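Here the structure comes first, spelled out in structure tokens, and everything after it is commentary.
The values are calculated or read from the model by the stated rules, or taken from the named source; none is laboratory data. Owing to the predicted nature of the structure, the values given are computational and were not obtained by experimental measurement. Cβ placement follows ideal geometry from the backbone for every residue including glycine, while neighbour counts extend to all protein chains displayed.
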Amino acid sequence: MRKETASTCPYCGVGCGVIIESEAGEICGVRGDPAHPANRGRLCSKGQTLHLTATPLIRRTQRLLQPAWRPSRAEPPQALDWPTMNQRLAERLAALHAQHGPQAFGLYISGQLLSEDYHAFNKFARGVLGTNNIDSNSRLCMSSAVAGYKQSLGADAPPTCYEDLDLADCILITGANPAWAHPILFRRLEAARQRRPEQKLIVVDPRRTETAELADLHLQILPGTDVILCHGLLHACIWEGWLDARFIAEHTQGFAELKNLVRELPPPEAARLCGIKEADLLQAARWFAQSPASLSLYCQGLNQSSSGTAKNSALINLHLACGQIARPGAGPFSLTGQPNAMGGREVGGMATLLPGHRDPGSAQDRAEVAALWGQAELPEAPAKTAVEMFEAAARGEIKVLWIACTNPAQSMPDQALVRRALARCELVILQEAFADTATAAFADVLLPAASWGEKEGTVTNSERCISRVRAAIAPPGEARADWRIVRDVGLALLPLLKSGPGPALLAAATPEALWLEHRAATAGRDLDISGLSYALLDSLGPQQWPFPAGASQGQARLYQDRRFATADGRARFIAQPYQPPHDRLDARYPLALTSGRLREQWHGMSRSGLVPRLFGHTAQPALHMHAQDLHSRGLRTGELARISSRHGELILPVLADASLRPAQAYLPMHWGEEFVSGQEAEAAPFSGVNALSNRAFCPSSQQPELKFAAVQVQAAQLP
Ligand code: SF4
């Protein structure tokens, strides 16, 4: 008999609801959930084909099905049953813990995990192992947005909601291409513009993307000049008298310092440095400041930068100065990339966070979490964030890496270093659903994880909306829920450690029990969900936080009383001068390379790459360049070129692309080394964009600069 299960799409941070259709223990269809507030029944091409990533054939042939241990990295993995694996792994971890201590361990997890999984990993790292070295691939995605919100508004909380797309009179999209990366939000934007043709859309992007095609005004800035643009816009607003002086006086601090800083960037100079027309900059400033309600949407283009936090702050400054915040349709709205990047922030499963938006650098916050977990204390030693963790492993300081639900051998910057790090570790544990990721080749231990449609828990989307994720079918083979894998190893490990917590720390034995522990950590905090429960999520549907005790529904917008989350309730202007990207353009590396997403693919394609029809628009990677740059190198579309940076090189076909300006290049980020074969692979061993990227990161957010690399392109001379 056919069964229907309401769940959530596992791809992007829009967080669309899906109805999974299953029969005889297999998924046979999917459709949009008309009751889910994020999508009201719509799905994009990735969501519509989710069932094709979980066919019986794929579940049998493309998945990790059994726990396995590789005797050496040159040998094939040998299957073990779970009790044997848990005991053997616990013994190995205990021996390495005794030999090297807790700081030799690193856990690198994922924004694809559910909040319950994140919580289980957090307890394992900080509670059982005694290390703060737990970070998530969300570090690569939204950590600059976290730091930006905290610095400016006092808490990591987007103050806006999806309904604001319908209500805004002016929308500024910067560093984001929702037409491809957040398609259902983009459709909502298109519908809003049809209903309200007077709504202004400004898109800031070095490329003329499909999102930019919809815009009333496209500011095609030079890569990396976002802070200059925001300062120039603010200068124009000051000069023209478009500020909200009363809002600045009553609800903010620090405007005088910022005013001094932007004094040096009058619109003609800012426009020149950004490579745009002064008139366009002034038009954008006018629309943004003078519209009744202005909303900004932003994502990786701001975040993935060595000055990512400064870019976020510069944009929020503009909102504060113009009073475009804390009202329906107005505010800075950071879009999350992954389905549960937000949940990981709430649960504190990252190096720079603790549960309930607490800070691991605060003794009081550590003590509060220790009390919640029944521990004497939490580790105090500073944590290593994602890039720092792999740097430490490459130096031989981190000996054990436990990687869950992510593929750093493709997605981390500076692949040469990442691969050295993985090779040098004494123990690499990979907890994964899919069998053939690039990271699997480096793993000593393979732990098969349940995937979409097979697990229970919750996720939180870009607008702080918590949705249930439900299992429609059982996982294949011996695959298990992520929280259970790490908990069972933890229970086997506890008796083997010289000192450590009692088993009560790991007592929670269901997703709901784990979620209730997480809920307890939010009480009295800005993200308080004390009034919410699994039962209420079932009866009311998805809910936005905060949802304190006694509430009857979640809160759509924050700070409507104009009290921000700082100690004095005032938002802060952040005066940060412009810093150029870390990689410098010069005669040897004259092209600015940026990376981005395709509408039909997701991350390293371990899931979306299983669906042939998703390759219909783009079947293979190509380096996009302006025709003039191809011509000057004697290249034509389709020919192979050697692309080199200061960090590595690869060989790919080139493609003339009129959406780019001269001296720029663009490469989709989805492909890895499996794509290039034979002679080409020998010439360029790592074929993904991260062969070229550098690992410089923002000092405030530790988010690496995945959006900018200086490269040279030459016709390939294959050996
Ligand atoms: Fe899934 Fe995102 Fe598409 Fe919605 S927009 S169906 S969440 S990939």
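On the stretch given as the range 602-618, residues that are small (Gly, Ala, Ser) and assigned to a loop (DSSP other than H, G, I, E, B) total 3. Could we say that Trp82 is in contact with a strand residue (DSSP E or B) (Cβ under 7 Å, 6 or more places away or on another chain) and of a type in the set (Phe, Trp, Tyr) here? Taking the combined requirement at face value, the residue does not satisfy it.
Annotation note: of Leu273, Leu302, the sole residue that is crowded, with 24+ Cβ neighbours inside 10 Å and closer than 23 Å to Ile574 by Cβ is Leu302.
Confirm whether Ala120 is under 20 Å from Gly361 (Cα atoms) and surrounded by 24 or more Cβ atoms within 10 Å (Cβ to Cβ). No.
Considering (1) crowded, with 24+ Cβ neighbours inside 10 Å; (2) closer than 30 Å to Gly502 by Cβ, the lone condition that Gly148 does not fulfil carries the number (2).
Residues in the range 492-511 that are in a helix (DSSP H, G or I) and exposed (fewer than 15 other Cβ atoms within 10 Å of the Cβ): 3 in all.
Among the residues of the range 319-340, is there at least one that is in a helix (DSSP H, G or I), under 26 Å from Thr252 (Cα atoms) and in contact (Cβ under 8 Å) with a residue 40 or more places away in the chain? The answer is yes, given that some residue of the range 319-340 is in a helix (DSSP H, G or I), under 26 Å from Thr252 (Cα atoms) and in contact (Cβ under 8 Å) with a residue 40 or more places away in the chain.
Do we find that Ser294 is closer than 22 Å to Arg572 by Cβ, of a type in the set (Ser, Thr, Tyr), surrounded by 22 or more Cβ atoms within 10 Å (Cβ to Cβ) and touching a helix residue (DSSP H, G or I) at 6+ places or on another chain (Cβ under 6 Å) in this structure? Taking the combined requirement at face value, the residue satisfies it. Kindly indicate the residue of the range 387-426 that is in contact (Cβ under 8 Å) with a residue 40 or more places away in the chain and of a type in the set (D, E, K, R) and also nearest to Leu129 (Cα to Cα) among those meeting that condition. Only one residue tops the list, namely Lys399.
The requirement of being in the same structural domain as Pro511 (by TED's automatic domain parsing), under 25 Å from Pro37 (Cβ atoms) and part of a loop (DSSP other than H, G, I, E, B) is fulfilled nowhere in the range 138-147; no residue meets it.
Residue count for the range 408-443 under the criterion of being part of a strand (DSSP E or B) and under 25 Å from Ala95 (Cβ atoms): the result is 6.
Please return the ranges of helices (runs of 4 or more DSSP H) entirely within the range 44-115 where 1 or more residues are away from the ligand (no atom under 16 Å from the Cβ).
56-61, 82-100
Taking each residue of the range 186-212 that is more than 18 Å from Leu167 (Cα to Cα) and assigned by TED's automatic domain parsing to the domain that holds Gln283 and looking for partners that are surrounded by fewer than 17 Cβ atoms within 10 Å (Cβ to Cβ) and of a type in the set (Gly, Ala, Ser) with beta-carbon atoms closer than 8 Å, six or more apart or interchain, yields Arg208/Ala658. How many of the residues making up the range 361-407 are in a helix (DSSP H, G or I) and among the polar types (S, T, N, Q)? Going through the range 361-407 one residue at a time, the tally reaches 1. Selection over the range 170-195 of residues that are out of contact with any Leu (no Cβ under 9 Å at 6 or more places or on another chain) and away from the ligand (no atom under 16 Å from the Cβ) gives a count of 2.
Being under 25 Å from Arg188 (Cβ atoms), near the ligand (Cβ under 8 Å from one of its atoms) and assigned to a strand (DSSP E or B) holds for only one residue in Val14, Val18, and it is Val18.
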